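Asks: My questions will all concern the structure given below.
The values are calculated or read from the model by the stated rules, or taken from the named source; none is laboratory data. Given the structure is predicted, the values throughout are model-derived calculations rather than measurements. Cβ atoms come from the backbone with ideal geometry, glycine included; neighbour counts cover every protein chain shown.
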């Protein structure tokens, strides 16, 4: 807030140039990326790195993450836990929905510091959606699954009103839940436009990134567990879909595409592999340049399973992938990846303006600093 007036005097063009220059500087030194406690790097010093933020929740695993900006982020995880920061991670407010202690939150989508939607996963009534309009002071349960065959994995929004939630296949097809009022009410979409699911096919609730959007109507969902890993695409907000095979590990319930990221409706990244720590993932990433109609394996993929991926703000070629064994960077739009950090994270998200965050096990949350 202290820089608002000065920033406005610069004007839109100079403000954009300043942000782009800052991101370029960070990208130039990202090979030095590490995960360190916040107190180890005074503000403004050192190379870009993941700066760990103390959430005070060492027993919680955060797989849900929403980066609103450099100052504001939401995380959601085990034991029904939802936290929010508005000061860059210096302090965290526990804004967990009352009575949700038995739930497993795996996704959170935040529109700003006050409005957010969280998804709890599980069979039957364990799958639920909550919404807040006051920064988590109060929550409304807006959806509770009553179909024992459904299991919801991920949420994604096109804008502040329109969003979808993904369930594993029900009666042979993936089920899509839709909202047109910001998550206040939901309805199951007809499945006539959904291709049949493969035997054993499902989504992975590993990072909140098995369902992603770009623009007002395009959405993609990631699958695994079947003979082939696939990415499904819809150009009409989830009513009709086409499926494409992705060149990631498959043929086992533990293998497939775990996360997607699209920087526009054309250019996408897919990461995944085999989540078991004793199993290799030799082809853990792929890229698409045609909206997901075709996928090409990375020439140099991450060395191990990755569960989260995000494009860096204001970059057409740079992205980060994270997993339990480290962070990887691409600077050529997914053609090659190199490991730039060894810390464990499950998910990563970058705000459109600026600010990248990562979250994972043992209450770990970090912000990208430079």
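Asks: Scan region 327-367 for residues that are touching a helix residue (DSSP H, G or I) at 6+ places or on another chain (Cβ under 8 Å) and modelled with pLDDT of 95 or more and jot them down.
Replies: Residues satisfying the conditions are 329, 331, 338.
Asks: Right, something else. Please specify each residue of region 105-137 satisfying the condition of being without any contact (Cβ under 8 Å) to a residue 40 or more places away in the chain and either touching a strand residue (DSSP E or B) at 6+ places or on another chain (Cβ under 7 Å) or closer than 19 Å to residue 150 by Cα (or both). Step through it out loud before you land on a result.
Replies: To start, the set of residues in region 105-137 that are without any contact (Cβ under 8 Å) to a residue 40 or more places away in the chain comprises 114, 122-126, 128, 130, 132-134.
Passing the criteria: 122, 123, 124, 125, 126, 128, 130, 132.
Matching residues to (1) modelled with pLDDT of 95 or more; (2) more than 16 Å from the chain's Cα centre (by Cα); (3) under 25 Å from residue 275 (Cβ atoms):
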site: 181; (1), (2), (3): yes, yes, no
site: 188; (1), (2), (3): yes, yes, no
site: 202; (1), (2), (3): yes, yes, yes
site: 205; (1), (2), (3): yes, no, yes
site: 208; (1), (2), (3): yes, no, yes
site: 212; (1), (2), (3): yes, no, yes
site: 217; (1), (2), (3): yes, yes, no
site: 222; (1), (2), (3): yes, no, yes
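Asks: So, one more: Of everything in region 189-218, what is surrounded by 16 or more Cβ atoms within 10 Å (Cβ to Cβ) and in a strand (DSSP E or B)? Give them in sequence order.
Replies: If the condition is that a residue be surrounded by 16 or more Cβ atoms within 10 Å (Cβ to Cβ) and in a strand (DSSP E or B), then 202, 211, 212, 213, 214, 218 are the ones that fit.
Asks: Of all the strands (runs of 3 or more DSSP E) wholly in region 255-370, which have at least 1 residues that are without any contact (Cβ under 8 Å) to a residue 60 or more places away in the chain?
Replies: Values: elements: 255-262, 268-274, 285-288, 308-311, 319-323, 326-330, 338-341, 347-350, 356-359, 365-369.
Ranges flagged: 255-262, 268-274, 285-288, 308-311, 319-323, 326-330, 338-341.
Asks: Please verify whether region 253-260 includes one or more residues that are surrounded by fewer than 17 Cβ atoms within 10 Å (Cβ to Cβ), at pLDDT 95 or above and over 23 Å from residue 360 (Cα atoms).
Replies: Scanning region 253-260, I find no residue that is surrounded by fewer than 17 Cβ atoms within 10 Å (Cβ to Cβ), at pLDDT 95 or above and over 23 Å from residue 360 (Cα atoms), so the answer is no.
Asks: Then there's this: So which residues in region 175-195 are without any contact (Cβ under 8 Å) to a residue 60 or more places away in the chain and under 17 Å from residue 150 (Cβ atoms)?
Replies: Looking only at region 175-195, we keep the residues that are without any contact (Cβ under 8 Å) to a residue 60 or more places away in the chain, and these are 175, 177, 179-181, 184-195.
175, 177, 179, 186, 187, 188, 189, 190, 191, 194, listed by residue number.
Asks: Can you say whether residue 143 is part of a strand (DSSP E or B), farther than 12 Å from residue 120 by Cα and within 22 Å of the chain's Cα centre (by Cα), as far as the supplied structure shows? Don't jump to the end; show me each part of the working.
Replies: On the way: part of a strand (DSSP E or B): yes; farther than 12 Å from residue 120 by Cα: no; within 22 Å of the chain's Cα centre (by Cα): yes.
So residue 143 does not fit the description; no.
Asks: Taking region 219-244 as the search range and keeping residues that are in contact with a strand residue (DSSP E or B) (Cβ under 7 Å, 6 or more places away or on another chain) and surrounded by fewer than 16 Cβ atoms within 10 Å (Cβ to Cβ), which one is nearest to residue 297 (Cα to Cα)? Steps first, answer last, please.
Replies: Taking region 219-244 first, the residues in contact with a strand residue (DSSP E or B) (Cβ under 7 Å, 6 or more places away or on another chain) are 219-225, 228-235, 237-244.
Among the residues that remain, those that are also surrounded by fewer than 16 Cβ atoms within 10 Å (Cβ to Cβ) are: 235, 240, 242.
Values: 235: 24, 240: 26, 242: 20 Å.
Of everything passing the filter in region 219-244, 242 is nearest to residue 297 (Cα to Cα).
Asks: Filter region 77-126 down to the residues that are within 13 Å of residue 55 (Cα to Cα) and under 18 Å from the mean Cα position of the chain (by Cα) and list them by number.
Replies: 77, 81, 82, 83, 84, 85
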